[in-house]
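Next up is a structure, given as structure tokens.
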Amino acid sequence: MANTSSAKKAARKIEARSEVNKSRVARVRTYVRKVEEAIASGDKDKAGSALKAAEPEIMRAVTKGVMPKNTASRKVSRLSARVKAVGA
């Protein structure tokens, strides 16, 4: 338990940041899920447009400090390879 007033404030800030970061991660997951659903349906155009929408959202997570850059790059790379393979 936080004893000093500064530690109490830090705990409050951490709690608030965690909420914001949780929503950002959930947002990224939603966009990635939309791409995966489009891939599963076999619709290449839909998958491509879903990937176009997801990529900036994934990279935004990097700039906000929610996800490491290499992780985001790996996700985008693997998704784009799967989109490219749809209907091939």
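Could you count how many residues in the range 31-41 are surrounded by 12 or more Cβ atoms within 10 Å (Cβ to Cβ) and either under 15 Å from Lys64 (Cα atoms) or over 8 Å from the mean Cα position of the chain (by Cα) (or both)?
So the answer is 7.
Could you give me the residue pairs with C-beta distances under 6 Å whose first residue belongs to the range 45-56 and is at pLDDT 95 or above, whose second residue is among the aromatic types (Phe, Trp, Tyr) wherever it lies, and which are 6+ apart or on separate chains?
Ala54/Tyr31
Among the residues that make up the range 4-12, is at least one of them surrounded by 16 or more Cβ atoms within 10 Å (Cβ to Cβ), assigned to a helix (DSSP H, G or I) and hydrophobic (A, V, I, L, M, F, W, C)?
No - not one qualifying residue is present in the range 4-12.
Which members of the range 61-81 meet the condition of being free of Cβ contacts under 8 Å to residues at least 12 places away in the same chain and part of a helix (DSSP H, G or I)?
Passing the criteria: Val62, Thr63, Lys69, Asn70, Thr71, Ser73, Arg74, Ser77, Arg78, Ala81.
If Val62 meets every condition in (1) in contact with an Asp or Glu (Cβ under 9 Å, 6 or more places away or on another chain); (2) at pLDDT 95 or above apart from one, which number is that one?
If we test Val62 against (1) in contact with an Asp or Glu (Cβ under 9 Å, 6 or more places away or on another chain); (2) at pLDDT 95 or above, just (1) comes out false.
The values are calculated or read from the model by the stated rules, or taken from the named source; none is laboratory data. Predicted, not measured: the structure shown is a model, and the values here were computed from it. Here Cβ is always computed from backbone atoms with ideal geometry, including for glycine, and neighbour counts include all displayed protein chains.
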